[in-house]
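Written below as structure tokens is the structure these notes are about.
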Amino acid sequence: MNDINKVLELDVITEQISKYCIFSLGKDIVLSLQPSYNKLIILQELKRSKEALDLIIKYGSLPFKGLNDITDILIKAQKDVILQPQELLLVAQHAYCCEGLINFIDDHKNNYQDLYDLIFSLGYSLMLSKEIERCIGLNYEVVDDASPKLSSLRKQLKVCESQLHTLVERYVQNHANHLSDTISTQRNDRFVVLVKSSDRRMIKGFIHGESASGQTIYMEPESFLNLNNQRLSIINQINDEIIRILFELSQKVKQHVDAYLANLSTLALLDSYNAKALWGKYHDATLASISDRLMIKNARHPLIDSHKVVANTYKIIPPINTLLISGPNTGGKTVSLKTIGLFVVMTYCGIPISCDEADIPLFDNVFVDMGDNQSIVESLSTFSAHLKQLAYICDRASSESLILLDELGGGTDPIEGESLAIAILDHLRQLKAMIVATTHYDRLKLYGQKYDDILLASVQFDVEHLIPTYRYIEGLVGQSNALDIADKFGLNKSIIAKARMIKKQGMSKEDVLIEELEKAIAVNKQKMAELEDEKVITQNLKSEVIAQKDFYEKQKDALMIKAKEEAEKYLMDISDEADQLLKQMHEITLSGQLHEGIAVFKQIEQLIDDDQEEIEVEREFMIDDYVMIKNTNQKGNIESINRKKAIVNANGIKINVPLSELLLTKKETKLKHRTNHRVEHQSQASFELNLIGLRVDEAMPVLEKYIDDCVLMKVPFLRIIHGFGTGALRKAVWSQLKKNRFVDEIRLGSQQEGGSGATIATIKRKK
């Protein structure tokens with residue numbers, strides 16, 4: 001009867017799978033797939049497909065590099081036909097393909113035993129492939145090294161052609177006045193020259209034709225004759241040797257024809273399993289288990305858009321053997337019916353099915369009555385065609401059969417259709433067959449409620465928005481909602497109102513109450529389903545938030561550890577650099593190069609300053625703030641503030657400074673060193689002192705304290721910056737330095753040291 005492959009659209013599935021095949025023989029197997037009802041075959045196909053799917057998910061597709069259908073080539077070799085170079089190279093690639101598959105599966109043979117057995121049944125000769133590749137190059141030419149004779153002949157040909165070219169060039173030069181062109185060409189595979197038709201009698205030779213205009217004669221001069229003959233002889237010998245080599249290789253291929261033909265059958269099978277697995281991976285599919293029950297969890301019809309398909313779970317578990325699905329048109333009853341039937345026949349073909357998991361019973365046949373079977377040729381109406389199909393099913397179905405019936409009893413008078421549907425269900429239930437049927441009939445729904453072996457289900461309809469949801473609901477009878485749907489599509493309101501009245505008149509009070517109860521249950525089920533969906537969404541969001549929180553916590557910890565490591569490394573680098581600079585400063589100062597020593601010391605101060613950045617603030621200064629004087633870089637605490645000035649205690653020296661010249665800074669920290677160089681605790685003395693901006697009475701205490709600090713620090717040279725100005729500050733500085741018992745000598749700075757704007761002082765060395 002009707003072809004279940006087309007009715008259930010298995011042919012569409014196999015067409016999709018075939019596009020994943022590597023070569024034509026594998027594609028032929030997939031396109032010819034038919035459900036098997038032999039348990040051993042089904043189990044074998046499922047096991048191999050399951051191994052292929054698992055292998056592809058974990059390790060990728062099987063490597064079929066170099067796989068081609070070489071059936072015709074092998075048959076030609078079997079008949080002693082000489083194979084062409086291209087054909088021989090395809091045979092060579094066959095062995096490499098087999099070798100690649102074996103190497104790939106060998107690492108995983110313990111987990112994929114069935115695929116391993118198939119692949120290790122492949123027989124091939126790498127020696128044959130290497131011999132073919134030794135004789136034939138990538139440009140499909142027999143190479144010189146294919147045989148010593150061929151190599152020798154080709155060398156002779158080159159010598160002969162070289163001699164011919166020399167002869168032709170000399171001849172053209174000597175007879176240019178008789179030639180229509182100075183080029184040479186070939187006619188009948190012989191070298192000729194282009195002679196003027198008027199001069200044909202002036203040259204002795206053999207004519208091989210003339211141009212279309214008749215003005216030029218293609219002539220082989222007598223002097224060309226011997227070399228042309230020699231060249232053709234060598235070419236013929238080369239061709240004979242090539243034919244001999246190709247024939248010899250073809251005979252070697254003939255020895256492996258049976259093994260390679262068997263390989264092609266095995267490779268086609270492997271290609272089909274690989275294609276099924278790739279299709280299954282793309283559709284997030286799984287392989288079903290064979291069981292006594294039918295259970296498909298979260299089934300998704302593979303031909304519906306993955307973004308729109310609704311996942312449903314179907315169960316027919318003994319003692320139930322009949323599933324009766326009701327609900328509105330366009331609500332998904334037929335989709336549910338097709339999904340169950342399609343997944344059964346796909347399983348019997350060893351194809352993964354798009355669901356989370358599945359148990360499929362072993363049926364002896366699958367019968368389907370679905371769609372419009374009208375036939376003009378056989379003069380069958382839709383109803384007649386259904387009856388013919390139902391008669392066929394009732395005669396041939398058994399207790400081991402699966403029967404799919406869409407709109408049972410439809411297409412005729414409702415009363416007779418209901419009666420016929422009930423009678424057919426009675427007959428098939430007595431056979432103990434598994435039945436999945438869809439219906440609109442109320443009597444059929446009532447019939448289903450009477451028996452424990454019948455499971456009632458429906459497809460959900462959104463009564464609020466009057467749209468189908470395609471959600472399958474087990475244990476609930478569905479309404480057709482024909483009048484509600486008609487109202488949605490704009491049928492005249494008065495017609496719908498009258499139809500509702502007629503419907504009520506034909507219903508008993510119990511029927512009305514039952515219908516209202518069923519509607520209320522349907523609404524409640526819909527709300528529960530929506531709440532369940534929201535619960536799932538909320539749970540997913542919660543999981544995402546928790547995952548993100550964990551991720552950011554880990555990121556934070558990692559960043560903190562990294563920052564700490566970088567800070568420690570930075571301090572270590574600073575410390576190392578300071579050690580080097582201190583050592584360099586010590587060496588420079590001993591050599592007397594003061595300005596270079598000052599530059600080095602400034603680098604040390606910069607290292608400290610980099611770690612103790614000044615902070616500019618908008619708030620007003622307060623007593624006890626730790627500040628730096630901009631002009632002199634001296635630091636200390638504010639002791640008092642009087643309007644726009646402050647008294648700053650800088651290492652015991654009190655300085656009256658305008659607030660505008662102060663910067664808030666961090667407390668100084670000692671620079672740690674890991675070498676013997678260290679800064680004494682008394683002060684952080686510098687090689688230079690800047691007194692610019694201070695009056696004489698302010699500058700002298702600062703200078704005195706500075707000299708004391710330098711003595712304690714054992715600094716040999718000092719630079720006091722007093723500027724040019726009136727010279728009063730410079731005189732005071734010189735006077736103070738001359739009085740100081742620690743100062744050995746004084747001088748004005750050189751050009752590099754500030755000239756007469758600075759004074760250089762040498763500290764006495766202890767003897």
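By the scheme Lys and Arg +1, Asp and Glu -1, what is the net charge of all other residues having a beta-carbon under 15 Å from that of LEU428? Intermediate values should be presented prior to the final figure.
Numbers: positive: ARG396, ARG429, LYS432; negative: ASP364, ASP369, ASP395, GLU400, ASP406, ASP426, ASP453.
Residues close to LEU428 contribute a combined charge of -4.
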Original post:
Which far-off residues, 5 or more places away or on another chain, put their amide H under 5 Å from the one on THR665, with H placed in the peptide plane?
Top reply: ILE615, TYR626, VAL627, MET628
Original post:
Expressed as a whole number of Å, what is the distance separating the alpha-carbon centroids of region 708-729 and region 47-107?
Top reply: 92 Å
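Out of the trypsin sites (Lys or Arg not before Pro) in region 254-319, which ones are loop residues according to DSSP with at most 13 other C-beta atoms within 10 Å? Walk me through the numbers on the way to the answer.
Numbers: sites: LYS254, LYS276, LYS281, ARG293, LYS297, ARG300, LYS308, LYS315; in loops: ARG293, ARG300, LYS308.
Filter output for region 254-319: ARG293, LYS308.
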Original post:
Does a label point 7 Å from the Cα of SER233, set along Cα-to-beta-carbon, have any residues of region 158-196 with amide nitrogen under 19 Å, and which are they?
Top reply: 158-165, 167, 189-191
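Return LEU362, LEU33 ranked ascending by Cβ neighbour count within 10 Å, so the fewest neighbours appear first. Mind showing how you got there, number by number?
Details: LEU362 16, LEU33 23.
Starting with the residue having the fewest Cβ neighbours, the order is LEU362, LEU33.
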Original post:
Between MET501 and THR762, what is the spin-label point distance in nm, taking each point 7 Å from the Cα along the Cα→C-beta axis?
Top reply: 13.1 nm
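Which length gain, in nm to one decimal place, applies between ASN177 and GLU532 when the Cα-Cα distance is subtracted from 0.36 nm times their residue separation?
Details: separation 355, 0.36 × 355 = 127.80 nm, distance 10.24 nm.
Roughly 117.6 nm would be gained on extension.
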Original post:
When the chain is fully extended, how far beyond the present Cα-Cα distance does LYS556 get from PHE120, taking 0.36 nm per residue of separation?
Top reply: 151.7 nm
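Based on the Cβ-Cβ distance of GLU565 and ASP106, what FRET efficiency does E = 1/(1 + (r/R0)^6) give at R0 = 35 Å, to the nearest 0.05?
Using R0 = 35 Å, I get an efficiency of 0.15.
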Original post:
Along the positive direction of the dipole of region 148-228 (beta-carbon charges: Lys, Arg +1; Asp, Glu -1; about the Cα centre), which of SER184, LEU157, GLN215 reaches farthest?
Top reply: LEU157
Subject >> Ordering of 552-558, 701-707, 80-86 by burial proxy (mean other Cβ atoms within 10 Å per residue, highest first) >> reply: 701-707, 80-86, 552-558
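Laboratory data are not the source of any read-out in this text; all were calculated from the coordinates shown. This one's a predicted model, so the numbers in the text were calculated from it and none came from an experiment. No Cβ is skipped: glycine too gets one built from the backbone with ideal geometry, and neighbour counts run over all protein chains shown.
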